[in-house]
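One structure below.
Taken together, the values in this text are just the output of simple stated rules run on the coordinates, not laboratory data. Fair warning: this is a prediction, and the values are worked out from it, not measured in the lab. Quick reminder, even Gly has a Cβ in these numbers, built from the backbone with ideal geometry, and neighbours come from all protein chains shown.
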Amino acid sequence: PALGQLRGKTHAAELESDIARLPLGMRLWSRMGYPGIALVHTGRADAYRALTAPHTGSGADPVELVRQCAGHLALSADLITRLLLEEIEIPLPARATVRQWGGRVLASGVGSAIIPNHPLSGAVIMDRPDAPQGDLVLVGHRFDTPMVSDTLGRYGRPPGPSSIQMSGNYVPQCGLAGDDGLLRWVKDEGAPVQSLYRSTGLGWDPPQNVSLVCFRADPLVVLDRINPRTLQPWAAIDVVSRESLAAPASILAFDGIAGVSACFAPPTAHLYVRLKGGSVENPLSNEVRAVLIGDPIAGGSSRDTQADGLGYLAADRPFLNHVAHEAATSLLRIDRPRLEQQRRHGMADAPAVERQRAALATLARAGDAQATDRERLVASREAAAFAQSEYAGLRSAVEQAVASIVWFLFLLVPFAIVAEKLSLGATDVRRQLCGTTLVFLAAFAALAALHPAFALINSPTMILLGFAILLISLALCVMFLGRVGDNLSGLRAQRGSVDGTRVDALGATATAFLLGLNGMGRRKVRAGLTSATLVLITFALICFSSGRATVERSATAVGDAAYQGLLIKPGDQSGVGDDEVSALRTRYGHRFPVLPRYALFGSEDASTRQRSNPRLEVARPGSTVRGAQGRTLLQWDPRDPLLRRLRLAAGSLPSAQASDDTAMLIPAAMAEEIGLGADEFTAGPVAITLNGRPASVSGILAPDGLVGLRDIDGRGLLPFDIEAMTRVVRNRAGQVVATADDPVIDADRALLVVGAGALAIEAPYGERRTASCAVVMDGLPYKEARESILGYLDLSGRLTAYGLDGAAFIGHSGDARRGGGGVDLIVPLVIAALTVLNTMRGSVYERRDEIAVLNAVGIAPRYIAAMFFAEALVYAVIGSVAGYLLSLLLARVLALGGWNSGLDLDLASLAPVYASLMVAGVVVASTWFPARQAAEIAAPADEAGWRVPDPVGDDLSLELPFAFDARDRMGVLAFLRRYFLDHGEGGSGAFQADEPRLDAEGDASAPIPRLGARIWLKPFDQGVAQDLELRLIRDPHGVDSIAHLTLRRASGTRAAWMRLNHRFLTGLRRHFLYWRAIDRGSRDELFDEACAVAHADAARPAADKEA
């Protein structure tokens, strides 16, 4: 009967609400459908709550312990007997899968074979544990049976269900311990071995025979996983080899298991440890924020690198205890030469210098022998946080410098071409190449001499060679694409298409560019003045926007503050991690109360998507009155200042101690439902039951007690109501999160526990989270409180709510680049726009005759407009490159003369790139109106193009302006027949055609050739189909034939038919134009093809034609 009652969907939640924190693997049962049995001794609930320290019987009555053990054995024997005698039948559910696991364990590095083939006996094999999550991984407990390899290295498990299926990613692990009991051989998950023997990421349906390769290894364990800046765990921790700065060839890593990061590496490998920030759930977003490189190398590093650490030898140092101190020391050794180098070349910002000074000072405090362990830990974390910020800033400066170099190197290519055309104007190709190369090298030499980033690398020539290789690669790609285009042209030619009539957009654009340069060359004075103006404007913009970075603090007032201090609270209600709470207590707990606030949040069933808030039933012991249902439970510390703002309808605040988690306040509505009156609190707390467990109530909340209560971030304190949410959103960790607009639990259904310690009350469907954490600084003088709060903001860099001197703020601290204001940037841009507009309008006016000639030779208006846009881009390139070189030269002269006081420019950042883009955008935009005027001058008529005539009923008839002689009128039909065949079933064109019919009508003396087909127009969901008939009739005004086209609508709406036919008819007219470029031999071939098709069609039976 007990088994029958526990087969529901929610039996796991029901059990956990009765006996908190049981070491049971219930997900196999509730989610996968495997039946499970657990023996639970309800008299040892306290031992179950402390899973990491099971009850050992210390201080207990030995007789009682023996009696308990005898009871366990009797119960186990009875259950096993009933199972063997099949008195208890547990059927296999439909979702259950029975599998057999096995394979071989091999040892690498044994023998002379390249591929591992030596069997490893005695190795223990089990599934890789997940990150600690619910009941899947508990300290000291496993829910799958280990396997051991035999003398031939074979291992296996008999068929049956296993928790290996739970993770959805079967990753077997194996290891072999030495005589000392420590692991000496572990599975190799390095890339070389996994490419031969894959044993990771095997998915839901892994192979039953998996070979595991082991290597001799020693562990390296990182015990402190706290990021000193965010006070949250590092997103990832990994190791790299000191020699290659890449992952070791043989490695086995465990990140975040049981709160530590560990890896197994070869005993002789020297490793660097990389600490990454970002997102645990999205490894692609993680970035290296700190590096641990070990002790310095005696005499300095022989390699060309700034990381001069010895690294960590796992055989000598298996544990890294003082991670923050190691990180601070390593980062300062890496950053110090970088900062000194950037300072020498004018790239160092004041915040970077200040952070290094602060890191050195705090690191000195961490080494004080008179300080306590807590003080040294706090100082080490602060030093690591400052060094981490400096490390990120220096890396960003180098990355921006390289990006700016690459950008202006790309601009040097068109700049060199333009400069050669305008200054030398050589007609010989060899002289043009030589002149362009000389201009490029001269500009590159100037950039290398003036740009400070070139001093950060060992050889500027390597940049030039790398850029040349990049240009050659791009040229090869263009050549490859051109070759592909030629092949496609050949295929189209075989089907009757002619590329000679297609307009080469790239060639036309290049021609327009050269014509624009030619126009600038004939008007050198105007072009020179315009270029000089844009150079000066670009120089001004670069100077205005290239200020140095400074530390900027911002704060927004949100109202009154209930207390003074910090509030750590995620905006999406995802909760504050336990590691972050512990780090906050380490930093502030000796001076201020650090008060986490817990809450029970609702959950969503992963399989049924059913949403449920926590179930909390409050009742009076022995009462016949039906209990009241709560939907959430909050727990606050007795020292929480928000308690002073609570309004009570009866009773008083409970005087809860650290171990008391049952004294609570209940809403007035729930008190009325269970018959609890205000007069019952005269004798003290009133006894109740909460989900069947004894509890007590010390007071009743007023109806508006929690409704109007706000924290210092201006938001309420109640969790989201998952049952009322219109849309459930999960973060990458799988947690349900909410926005400020999502509904919250009704205050009349919220219980409040006042007690210290973690929330220990369980409820069905309830998920415990630390909703927020407050660092209360009440009573601290304003100056000291402000320094403590700003210190946290400077270290974390996060948007944080805080209270100061009775006012609440949301503040942030970070680097901000000083630059000109909006007016400083807008005025030069307006001047640039007006200058280019005036120049281009004058150019259009002076070149009207030239535009007319270009139009007469067949250049389309859009390419004439492109000619002026090309001229504008030339101005933009000249202004950007020359303006940047001028700003670099001025900065160097001012620095050498010591005249740069108050003019602190950072020309190696991305600000000059943005300035050049702004100038280019303004120049192109201001050319739009003159280019449009030029296109209008070149337009042959007010109405360009053609218009589809109006249909008569469902028939659309028109004559196409093409004439054909007696032979061509047959050949063009074969040409068009190929066109329709290419758009047959499975084609990707703008329409789909049935197999075309080519025949003739009329008498034999004067036949009229015709082509017919059924056409379906895209998009096909419009249902537009039509019958096409193309007849080549005699021109009544001449001897040639003209094309008469008739389209008859078969399906689809009239409006859709007319709209879609414009594209179809445009393509058909274009294909008629291609006919003009076909040579006489191809036309004769098409004439013969048309005659053969027509004769074959005439020879078909009449029944086949009708079909």
> Just how far, in whole angstrom, is region 389-406 from region 562-586 if you go by their alpha carbon centroids?
Replying inline: 32 Å
> Among Tyr391, Tyr979, what is the fewest-to-most ranking by other Cβ atoms within 10 Å?
Replying inline: Tyr979, Tyr391
>> I need the peptides 920-928, 367-375 ranked by packing, meaning the mean over residues of other C-beta atoms within 10 angstrom, with the highest value on top.
In response: 920-928, 367-375
>> With +1 on the Cβ of every Lys and Arg and -1 on the Cβ of every Asp and Glu, and nothing else charged, how large is the dipole of region 704-745 about its Cα centre, in debye rounded to the nearest 20?
In response: 260 debye
>> Tell me which of Ser1051, Phe1087, Pro1036 sits at the most positive position along the dipole axis of region 955-1106, charges placed on C-beta atoms (Lys, Arg +1; Asp, Glu -1).
In response: Ser1051
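For each of Lys187, Lys783, count neighbouring Cβ atoms within 10 Å of the residue's Cβ, then give the residues from fewest to most. All intermediate terms of the calculation are to be shown ahead of the outcome.
Details: Lys187 26, Lys783 8.
Ranking Lys187, Lys783 by Cβ neighbours within 10 Å, fewest first, gives Lys783, Lys187.
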> Quick one: Cα centre-to-centre distance for region 724-774 and region 658-721, in angstrom?
Replying inline: 17 Å
> Which whole-Hz couplings ³J(HN,Hα) result when phi for each residue of region 862-877 is put into the Karplus expression 6.51 cos²θ - 1.76 cosθ + 1.60, θ = phi - 60°, listed in order with x for Gly and Pro?
Replying inline: 5, 7, 5, 5, 5, 4, 6, 5, 4, 5, 5, 5, 4, 4, 5, 5
>> I'd like the Karplus ³J(HN,Hα) series for region 581-598: coefficients 6.51, -1.76, 1.60, θ = phi - 60°, whole numbers in Hz, and an x wherever there's a Gly or Pro.
In response: 4, 5, 5, 5, 5, 5, 7, 10, x, 6, 10, 10, x, 9, 10, x, 10, 9
>> Can you give me the long-range amide H partners of Asp1040? Hydrogens built in the peptide plane at 1.01 Å from N, cutoff under 5 Å, separation of 5 or more residues or another chain.
In response: Asp1035
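Shape call for region 584-708 from the C-alpha gyration tensor, a ≥ b ≥ c root eigenvalues: rounded (a/c under 1.5), prolate (a/b greater than b/c) or oblate? Intermediate values should be presented prior to the final figure.
Values: a/c = 1.86, a/b = 1.13, b/c = 1.65.
Verdict is oblate for region 584-708.
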>> Can you sort Trp1057, Trp636 from fewest to most other Cβ atoms within 10 Å of each residue's own Cβ?
In response: Trp1057, Trp636
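Can you list which of the GluC sites (Glu not before Pro) found in region 950-1028 are DSSP loop residues with at most 11 other C-beta atoms within 10 Å?
Working: sites: Glu959, Glu985, Glu1001; in loops: Glu985.
Here the sparse-neighbourhood loop sites are Glu985.
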> So who's got an amide H within less than 5 Å of the one on Ala265, skipping anything under 5 residues away but keeping other chains? H placed 1.01 Å off N, in plane.
Replying inline: Asp218, Leu220
>> Under 5 Å between amide hydrogens, which residues at least 5 positions from Asn286 or on another chain qualify, with H placed 1.01 Å from N in the peptide plane?
In response: Ser279
